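Each remark here refers to the structure printed beneath this line.
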Amino acid sequence: MPFIRSAVVIFAVTFAAMTPAHSYDPVMKTLPNGLRYVILEDHVFPVVSLQIHVRCGGVNEEGPMAGVSHFLEHMIFKGTPRLSAGEISKIVESNGGSLNAATGSETTQFYVDMPSELFDRGFDVLSDSVVNPSFPPEEFEKERAVILEEIKRRNDDPSSSLWDGFLETIYRRTPYKNDVIGTEETVGAMPRATMVEQHRKYYVPSNMVVVVAGDVTRAHAEKRIKEFFGKLPKVPAPPPPPLFEPPAEEPVIRTIIRPAKQAHVALGFVGPTLDDPTQVGMDVLSAVLGGGQSTRLNQVLREEKRLVWNVGATFITHSGSGAFGIFAECSPDRVRGLPNEVYLLLSSAESDGFSDEEVARAKAQLKSSWLFGQETYHGQASQWGFYAILGRPRLAVDYPKELDKVTAQEVTELLRTYFDTRQLSGAIVEPKNP
């Protein structure tokens, strides 16, 4: 789930020793106005993570609006009618907390992590900031300059060019191809009124999920949520755009010439939607092929043929069509032939299938990664918020069980279903000649 993290980091705090015992009984409810909330009560450590997830991101933008959701995210902590930007940062910083946000293709996440004895202060700051931003004009122009500089730095990064090219070739009909940060042209010309309208339209109770994880009682968390969010009017959530991507009729591999020290390659194809139970199997497929040094991509392309320096695979989860991707770095003289080598490897795997041992190893690796994501209250809240806002909240806790159901035969069938010569597309970044 790639996203662009905001530069608005008020105060950083790490809870290195925070490893909850997972003794909570998750509470999931919906208020009459449509707001959904999740409470994960756990008293192992005296800290709490409060998060608000909004179903709004790059897929909800067109043309001159490109980048408005990310721009909006930057402006959320710039003040409300009740609190100035300075007061917001002071409340959080003086109490040893962290406040931040992130924008992705489909969602925007806001959070505050604080000592649990100060939960009410954190709740007041975060809820007021997200629901009642004032978007001060002077701060709007300052943040515009910050984002324009961020875009320039990003445009100088070969890996960003690779990522953009990959999405544009994989997604040709759906807005997953949109660049979340926007462009210099769209952000530079964007009026404040566009941001105000985006907030009015998408930041409504029925389009948000509130998650509280950590050392707070269910009763108190529910009381605060109902007091603040329960008073908001019931407004229908905007329908998401069409997010099913049909298989490509022809492969497209885009070559991008950029200043770089080495070549970069990204190749892949579209996969199942989040509603499809086989999407968890796509995680296993990516781990089997490229999740470690013993996998086929590494053993064949790196160890045997010496074609790449680094290679790996991932599956990008979306509510709509996900994307399977293989990413590699290599010398410039190897890059043109690499797509064919990847194709041959996938064709061989499609024919030969995968062993039970390979799949068991991949599933163990994925379970380990999932557990690391559960290590902190912040991690738990993030996982629940992500899956809840996209419509499958139980996957945040049932993911290991879903992994257990995946067999080697199913992984092989997934590759056969979603991979063929018409669908392997992507991008190549070649170093610019001096």
Yes/no for residue 418 being modelled with pLDDT of 95 or more and in contact with a strand residue (DSSP E or B) (Cβ under 9 Å, 6 or more places away or on another chain): no
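Rundown of residues vs (1) modelled with pLDDT of 95 or more; (2) in the same structural domain as residue 419 (by TED's automatic domain parsing), yes/no style:
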{"position": "244", "(1), (2)": "yes, no"}
{"position": "259", "(1), (2)": "no, yes"}
{"position": "268", "(1), (2)": "yes, yes"}
{"position": "294", "(1), (2)": "no, yes"}
{"position": "321", "(1), (2)": "yes, yes"}
Filter result (among the aliphatic types (A, V, I, L, M) and crowded, with 23+ Cβ neighbours inside 10 Å) within region 205-231: 208, 209, 210, 211, 212, 213, 216, 221
Residue count, region 388-434 (criterion: in a helix (DSSP H, G or I), within 23 Å of the chain's Cα centre (by Cα) and not aliphatic (A, V, I, L, M)): 6
Tally, over region 296-345, of residues that are under 25 Å from the mean Cα position of the chain (by Cα), without any contact (Cβ under 8 Å) to a residue 60 or more places away in the chain and outside any strand (DSSP E or B): 2
Residue selected from region 166-184 under the condition in contact (Cβ under 8 Å) with a residue 40 or more places away in the chain and not in a loop (DSSP other than H, G, I, E, B), by the criterion surrounded by the most Cβ atoms within 10 Å (Cβ to Cβ): 170
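How many residues does region 370-387 contain that are in a helix (DSSP H, G or I), hydroxyl-bearing (Ser, Thr, Tyr) and out of contact with any helix residue (DSSP H, G or I) (no Cβ under 8 Å at 6 or more places or on another chain)? Explain how you work it out, then say what you get.
Taking region 370-387 as the starting set, the residues that turn out to be in a helix (DSSP H, G or I) are 370-373, 377-387.
After this cut, where a residue has to be hydroxyl-bearing (Ser, Thr, Tyr) as well, the list is 377, 382, 387.
Next, from what is left, pick out any that are out of contact with any helix residue (DSSP H, G or I) (no Cβ under 8 Å at 6 or more places or on another chain): 377.
Of the residues in region 370-387, 1 are in a helix (DSSP H, G or I), hydroxyl-bearing (Ser, Thr, Tyr) and out of contact with any helix residue (DSSP H, G or I) (no Cβ under 8 Å at 6 or more places or on another chain).
With respect to residue 430, is the statement that it is more than 30 Å from residue 216 (Cβ to Cβ) and touching a helix residue (DSSP H, G or I) at 6+ places or on another chain (Cβ under 8 Å) true?
yes
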Test for residue 359: is it surrounded by 22 or more Cβ atoms within 10 Å (Cβ to Cβ) and either assigned to a loop (DSSP other than H, G, I, E, B) or modelled with pLDDT under 95 (or both): no
Only listed residue being among the aliphatic types (A, V, I, L, M) and in contact with a Ser or Thr (Cβ under 7 Å, 6 or more places away or on another chain), chosen from 54, 38: 54
Segments classed as helices (runs of 4 or more DSSP H), wholly inside region 31-132, with at least 1 members that are not assigned by TED's automatic domain parsing to the domain that holds residue 167: none
Subset of region 362-392 [loosely packed, with under 15 Cβ neighbours inside 10 Å and either aromatic (Phe, Trp, Tyr) or outside the structural domain of residue 419 (by TED's automatic domain parsing) (or both)]: 372
Every pair of residues 6+ apart whose Cβ atoms lie under 8 Å, when the first sits in region 118-144 and is without any contact (Cβ under 8 Å) to a residue 60 or more places away in the chain while the second is part of a helix (DSSP H, G or I) and surrounded by fewer than 17 Cβ atoms within 10 Å (Cβ to Cβ): 137/192
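The values are calculated or read from the model by the stated rules, or taken from the named source; none is laboratory data. These numbers come from a predicted model, not from an experiment. Cβ atoms come from the backbone with ideal geometry, glycine included; neighbour counts cover every protein chain shown.
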